[in-house]
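K.L.:
Below is the structure I would like to discuss, written out as structure tokens.
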Amino acid sequence: MRQHAQPIADSLVREVAKPAKQSLDEVVRSADLIDYTAEEGARALGAGELLTSDSFPGQTRNKLCLVSKVPLGVVLAIPPFNYPVNLAASKLAPALMAGNAVVLKPPSQGVVAGAHMMQCFAKAGLPKGLVNMGSEIGDYLTLHPLVSCISFTGGDTGIAIARRAGMVPLQMELGGKDVCIVCSDADLDLAAKSILKGGFSFSGQRCTAVKLVLVVKEVADALAAKVAAGVAKLTVGDPKDDVDITPVISDSSADFIEGLVEDARAKGAKFLTPYRREGNLIWPTLLDHVTPEMRIAWEEPFGPVVPIMRVDSVDQAVAHCNANNLALQGCVFTRDVNRAIAISDAMETGTVQINAAPARGPDHFPFQGFRDSGIGSQGIRNSLAMMVKIKSTVINLDKDSYARG
Ligand SMILES: NC(=O)C1=CN([C@@H]2O[C@H](COP(=O)(O)OP(=O)(O)OC[C@H]3O[C@@H](n4cnc5c(N)ncnc54)[C@H](OP(=O)(O)O)[C@@H]3O)[C@@H](O)[C@H]2O)C=CC1
Ligand SMILES: O=C(O)[C@H](O)COP(=O)(O)O
């Protein structure tokens, strides 16, 4: 993949309008992820367990239990459009390392990049038929009797798939409404910089994008001014030119984003930057004085729009965060580590970042969503662990054994 990084990255630029440098980064990150998974898998999957029976009350010493890990069978990998390569690799690598075969259902937008990646697997000498790419969606793949695990990243479709899936292990990474809580003692320059990067990179089309800023009133004016100054400097246009803001994935996505923006306008939000759209290119939009009555206080735009809601207290911010069914990540900015941990404990989200924007990486960190944001946990080690089943082989001896586990 490293040798063929440029054509794969070029496909990402053309298919999903990812800026050129980020596209190349996605490919390199994926190659690194595969390397790491191979190393981690060699160790994590290379050791089992031996249990002896007399550790349990009332048992004698005549049973030894060999606990091993066996492949599940066929892993169905379904990545979304925003990381067609990386979120395919993060499913494929652990599945293969754990001894499974894989069916990859690439996103329709991102399929060419996915096909290029598959070419790399073929060129690397993977046995034919071990990794397959298919485009049939709906019930055919997700309910296929030979599929023994579904690893899915995407939107609400994942909830429907999970409800119907039956007896197969699921790894679901779904939407997010990642909040950014800014306390009165926060480093406002750091918070503003993180909101800018977290909210607008890849035009906000990341499940980990900052999707709502909850700032206490004392510092709200200062923070809003700093973020607005940064937004004014963002460049907008063609992904080939490596600008900050590029067209969102589709016209229908742009229509949805516009619906959220117009709802906020009608309900009194203050626009710190003018709203502008040409086709599916939306200029970065910063909204202030957002209220809980507005849809954008709850729904994820998946576009370059960051809403700011001013709160009376951090408790109010945490309550808003926890009232949303989307619970992927969140972040908190404060200089007080005790306060940061208390807020993190109170936030019911899969990950809380302290003094940085939400992010999935580094890719070996566990990554999971609570409630409607997911089932199971990703991250290299967790993915390896979920893509095997545990098998016990119990040796019943005719004499007691003094072996220890
Ligand atoms: N938590 C996370 O890690 C992430 C979450 N997301 C969330 O995903 C959404 C946007 O991504 P998007 O790609 O549009 O999400 P979708 O849920 O629309 O699609 C995700 C994948 O599922 C496929 N798919 C669609 N319908 C079915 C079906 N019935 N059976 C099987 N597969 C199906 C899609 O294929 P096709 O393209 O052909 O429709 C695509 O490959 C946002 O809500 C975002 O928050 C996105 C990225 C990461
Ligand atoms: O699919 C997504 O949007 C992610 O899993 C986010 O990954 P990132 O934090 O590395 O952008």
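The values are calculated or read from the model by the stated rules, or taken from the named source; none is laboratory data. Predicted model only: the values in this text are computed from it and were never measured. FYI the Cβ positions are ideal-geometry reconstructions off the backbone, even for glycines, and counts take in every protein chain you see. Side chains are part of the model used for accessible areas, which takes the heavy atoms of the whole protein and leaves out ligands, DNA and RNA. Shrake-Rupley method; radii C 1.70, N 1.55, O 1.52, S 1.80 Å.
K.L.:
Looking at D178, D185, can you tell me which residue is touching a residue at least 24 places away in the same chain (Cβ under 8 Å) and open to solvent by less than 10 Å² (accessible area, probe 1.4 Å)? Quick ask: steps written out before the conclusion?
P.N.:
Working: D185 fails: open to solvent by less than 10 Å² (accessible area, probe 1.4 Å).
Of the residues listed, the single one that is touching a residue at least 24 places away in the same chain (Cβ under 8 Å) and open to solvent by less than 10 Å² (accessible area, probe 1.4 Å) is D178.
K.L.:
Next question. Just to check your reading of the model, which residue among D156, D139 is within 16 Å of ligand 1 (Cβ to nearest atom), in contact with a helix residue (DSSP H, G or I) (Cβ under 9 Å, 6 or more places away or on another chain), farther than 20 Å from N100 by Cβ and open to solvent by 30 Å² or more (accessible area, probe 1.4 Å)? So that I can check it myself, show each step before the final result.
P.N.:
Numbers: D156 fails: in contact with a helix residue (DSSP H, G or I) (Cβ under 9 Å, 6 or more places away or on another chain).
After applying the criteria, what remains is D139.
K.L.:
From the set of residues in segment 348-379 that are β-branched (V, I, T) and without any contact (Cβ under 8 Å) to a residue 40 or more places away in the chain, which is most open to solvent (accessible area, probe 1.4 Å)?
P.N.:
Taking segment 348-379 as the starting set, the residues that turn out to be β-branched (V, I, T) are 349, 351-352, 354, 375.
Applying the additional criterion that residues be without any contact (Cβ under 8 Å) to a residue 40 or more places away in the chain yields 351-352, 354.
Working: T351: 26, V352: 32, I354: 71 Å².
It comes out as I354.
K.L.:
Could you tell me whether any residue of segment 177-188 is within 13 Å of the chain's Cα centre (by Cα) and under 25 Å from I78 (Cβ atoms)?
P.N.:
Taking segment 177-188 first, the residues within 13 Å of the chain's Cα centre (by Cα) are 177-178.
Now narrow it down to the ones that are under 25 Å from I78 (Cβ atoms): 177-178.
Yes - at least one qualifying residue is present in segment 177-188.
K.L.:
Whether any residue in segment 159-179 is of a type in the set (S, T, N, Q), within 16 Å of ligand 2 (Cβ to nearest atom) and in contact with a Leu (Cβ under 8 Å, 6 or more places away or on another chain) is what I want to check. Walk me through how you get there before you give the answer.
P.N.:
Of all residues in segment 159-179, those of a type in the set (S, T, N, Q) come to 171.
Subset that is within 16 Å of ligand 2 (Cβ to nearest atom): 171.
This time we only want the ones that are in contact with a Leu (Cβ under 8 Å, 6 or more places away or on another chain), so: none.
Within segment 159-179, not a single residue is of a type in the set (S, T, N, Q), within 16 Å of ligand 2 (Cβ to nearest atom) and in contact with a Leu (Cβ under 8 Å, 6 or more places away or on another chain).
K.L.:
Where the second residue is near ligand 1 (Cβ under 9 Å from one of its atoms) and assigned to a helix (DSSP H, G or I) and the first is closer than 14 Å to Y83 by Cα and lies in segment 140-155, which pairs have Cβ atoms under 7 Å and are six or more apart or on separate chains?
P.N.:
Note: pairs meeting the criteria are F152/G158; F152/I161; T153/L87.
K.L.:
Please go through segment 69-116 and give me each residue that is within 10 Å of ligand 1 (Cβ to nearest atom) and in a loop (DSSP other than H, G, I, E, B), ordered by number.
P.N.:
Result: P79, P80, F81, N82, Y83, P84, K105, P106, P107, S108, Q109, G110.
Conditions tested, residue by residue: (1) touching a Gly at 6+ places or on another chain (Cβ under 9 Å); (2) more than 29 Å from L24 (Cβ to Cβ); (3) at pLDDT below 95.
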position: P106; (1), (2), (3): yes, no, no
position: Q109; (1), (2), (3): no, no, no
position: G114; (1), (2), (3): no, no, no
position: G129; (1), (2), (3): no, yes, yes
position: M133; (1), (2), (3): yes, no, yes
position: V147; (1), (2), (3): yes, yes, no
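K.L.:
Could you list all residues from segment 204-245 that are within 16 Å of ligand 1 (Cβ to nearest atom) and touching a Leu at 6+ places or on another chain (Cβ under 8 Å)?
P.N.:
Looking only at segment 204-245, we keep the residues that are within 16 Å of ligand 1 (Cβ to nearest atom), and these are 204-212.
C207, T208, listed by residue number.
K.L.:
Pull out all pairs, ordered by first then second residue, where Cβ-Cβ is under 7 Å, the residues are six or more apart or on different chains, the first lies in segment 108-121 and is in the same structural domain as L12 (by TED's automatic domain parsing), and the second is modelled with pLDDT under 95 and open to solvent by 30 Å² or more (accessible area, probe 1.4 Å).
P.N.:
From segment 108-121, the pairs are G114/M133; A115/M133; M118/M133.
K.L.:
Quick one: how many residues across segment 93-115 are touching a Phe, Trp or Tyr at 6+ places or on another chain (Cβ under 8 Å) and away from ligand 2 (no atom under 15 Å from the Cβ)?
P.N.:
First, the residues of segment 93-115 that are touching a Phe, Trp or Tyr at 6+ places or on another chain (Cβ under 8 Å): 107-110.
Still in the list and also away from ligand 2 (no atom under 15 Å from the Cβ): 108.
The qualifying residues number 1.
K.L.:
Something else about it: Please list, ordered by first then second residue, the pairs with beta carbon atoms under 9 Å, 6 or more apart or interchain, first in segment 189-202 and open to solvent by 10 Å² or more (accessible area, probe 1.4 Å), second among the aromatic types (F, W, Y).
P.N.:
L190/F333; S194/F333
K.L.:
From the set of residues in segment 35-56 that are in a strand (DSSP E or B) and open to solvent by 60 Å² or more (accessible area, probe 1.4 Å), which is farthest from V70 (Cα to Cα)?
P.N.:
In the first step, residues of segment 35-56 are kept if they are in a strand (DSSP E or B); the result is 49-52.
Filter once more, keeping what is open to solvent by 60 Å² or more (accessible area, probe 1.4 Å): 49, 51.
Values: E49: 13, L51: 18 Å.
Going through the qualifying residues, I end up with L51.
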